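Bear in mind that the values in this text are calculations on the coordinates, not laboratory data. Note that this is a predicted model, so its numbers are computed, not measured. Quick reminder, even Gly has a Cβ in these numbers, built from the backbone with ideal geometry, and neighbours come from all protein chains shown.
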Amino acid sequence: MWTVGADGAALAAFVRERTGRPWSEVKRWIETGMVFVGGERAVAAGRRLRPGEAVELRMAAPRRREGPEVRVVFEDAHVVVVDKPAGVSSVPYEEKEAGTAMDLVRDAWRRQGKPATSVPLHVVHRIDKDTSGLLVFAKTKRAEKGLASQLRAHTVDRTYVCVAHGDVGPARIDSELVADRGDGLRGSGRFPGQGKRAVTHVDARRRLRGATLCEVRLETGKTHQIRIHLSEAGHPLVGERVYIRDYRGTPIASPRLMLHAATLGFAHPITGAPMTFSSPPPADFTAVVQRLEL
């Protein structure tokens, strides 16, 4: 807040002198109601000020973006690793879908004052919309090719934690997944060579009430692989909405799908340096686990 001196001045000239900003910017402030004289909004740039009047510039506070945010875990010139919240698509699945992980990365850049649109983001892999956890994007074509080759060679380390219905034991699940197993859902095909091979390694971490906290390692990475394999084994994930129609037990209520991408490891696609990242399950995940503890 400033006080007008003995000689007075035109409002725009007074504000410009105090702020050092261009005439066009000062006039815009005044015309959009951001300048107050004596506590009253003043919208006339040429208004003559009287000695002793108080002039105040009220800049609008930056709006906080409502909704989910991603946490940038690591970033350099070639890759960006983020921790995605549940309920956010990795990439757009519909033409005008907004609020995806790719969008949220750019939002994070804007908050940091970085260029948000000039840097490309290349999709390397995805995690389900209802799954939380670690996700990597490439920022250069060279990095994209390097990471894609590691995924094809099954050398990317991807470990998940999940909560599955029932008493789950250690298992290696190997099947060929098809887009429609005959009932409209993705699943394991009945005949050899019918689909794409998928291998899932399951270990039990802790017994819960009516469920098991599991650690799952992906050897391959097919769409909904963990959800399908555990469901077909008789242990659909808690919070599952799709692959649960064959379950004979009573589904456990959960506000979210209990699946979290906890670790991600790969060789840096440019330098070859080993990169390993971890993400603890978020609060909404741990709250369900605590509720089910024996």
Pairing the Cα long axis of helix 101-111 with the longest principal axis of the chain, what angle in degrees results, from 0 to 90 and rounded to the nearest 10?
-> 30 degrees
Ellipticity estimate at 222 nm from DSSP helix runs (n ≥ 4, -39,500 (n - 2.57)) divided over the chain, nearest 500 | -6000 deg cm²/dmol
Built amide H within the under 5 Å cut-off of residue 220, gap 5+ = 199
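What is the magnitude of the charge dipole of the chain about its Cα centre, with +1 placed on the Cβ of each Lys and Arg, -1 on the Cβ of each Asp and Glu, and no other charges, expressed in debye to the nearest 20? Kindly include the intermediate steps, with their values, before the conclusion.
Values: 46 positive and 34 negative charges, 84 e Å.
Charge dipole of the chain: 400 debye, to the nearest 20.
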Long-range amide H partners of residue 84, meaning residues 5 or more apart or on another chain whose placed amide H is closer than 5 Å, are 133, 134, 135
Label corresponding to percent of Cα pairs over 26 Å apart when calculated from the structure given, among (i) 57; (ii) 41; (iii) 49 = (i)
In whole Hz, with x marking every Gly and Pro, tabulate ³J(HN,Hα) for the range 279-294 from phi via Karplus 6.51 cos²θ - 1.76 cosθ + 1.60, θ = phi - 60°.
-> 9, x, x, x, 4, 5, 6, 5, 5, 5, 4, 4, 5, 9, 5, 6
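Are there any trypsin sites (Lys or Arg not before Pro) in the range 190-294 that are in a DSSP loop and have at most 15 other Cβ atoms within 10 Å? List them by number. Write down the numbers at each step before the final one.
Numbers: sites: 190, 196, 197, 205, 206, 207, 209, 217, 222, 227, 241, 245, 248, 256, 291; in loops: 190, 209, 222, 241, 245, 248, 256.
Here the trypsin sites (Lys or Arg not before Pro) that fit, given the DSSP loop and packing criteria, are 190, 209, 241, 245, 248.
Can you compute the charge dipole magnitude of the range 148-247 about its Cα centre, using +1 on each Lys and Arg Cβ and -1 on each Asp and Glu Cβ, nothing else charged? Give it in debye, rounded to the nearest 20. All intermediate terms of the calculation are to be shown ahead of the outcome.
On the way: 17 positive and 12 negative charges, 33 e Å.
Here the size comes out at about 160 debye.
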Identify, among 88, 242, 267, the residue whose Cα sits farthest towards the positive end of the charge dipole of the range 71-292, taking +1 on the Cβ of Lys and Arg and -1 on the Cβ of Asp and Glu, with the dipole about the Cα centre.
-> 267
Taking every other residue with Cβ under 11 Å from the Cβ of residue 234 and scoring Lys and Arg +1, Asp and Glu -1, one gets -2
Can you tell which of 258, 102, 275 shows the greatest fluctuation in a Gaussian network model of the chain with Cα springs below 10 Å?
-> 275
Between the alpha-carbon centers of the range 279-294 and the range 115-151, tell me the distance in whole angstrom.
-> 28 Å
From the phi of every residue in the range 26-43, what ³J(HN,Hα) in whole Hz does the Karplus formula 6.51 cos²θ - 1.76 cosθ + 1.60 yield, where θ is phi - 60° and glycine or proline is x?
-> 4, 4, 5, 4, 5, 5, 9, x, 9, 10, 10, 10, x, x, 10, 5, 10, 10
Computed ³J(HN,Hα) along the range 75-92: with the Karplus parameters 6.51/-1.76/1.60, θ = phi - 60°, integer Hz and x for glycine or proline, the list is 8, 9, 6, 10, 9, 9, 10, 10, 9, 8, x, 5, x, 10, 5, 5, 9, x
Cut-off under 5 Å, modelled amide H: who pairs with residue 252 long-range = 239
Partners for residue 84 among lysines (Cα-Cα distance below 30 Å; same-chain residues under 8 apart left out) = 96, 114, 129, 139, 141, 145, 196, 222
Listed residues 49, 264, 185; largest mean-square fluctuation, Gaussian network over the chain with Cα springs below 10 Å, found at 49
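If you add up the charges near residue 219, with Lys and Arg at +1 and Asp and Glu at -1, over every other residue whose beta carbon is less than 15 angstrom from its beta carbon, what do you get? Don't skip to the end; give the middle numbers.
Numbers: positive: 152, 158, 172, 196, 197, 217, 222; negative: 157, 174, 176, 203, 215.
Local charge sum for residue 219: +2.
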Among 151, 11, rank each residue by its count of other Cβ atoms within 10 Å, from fewest to most, as a rough exposure measure.
-> 151, 11
Order of 28-40, 138-150 by packing, highest average Cβ count within 10 Å first?
-> 138-150, 28-40
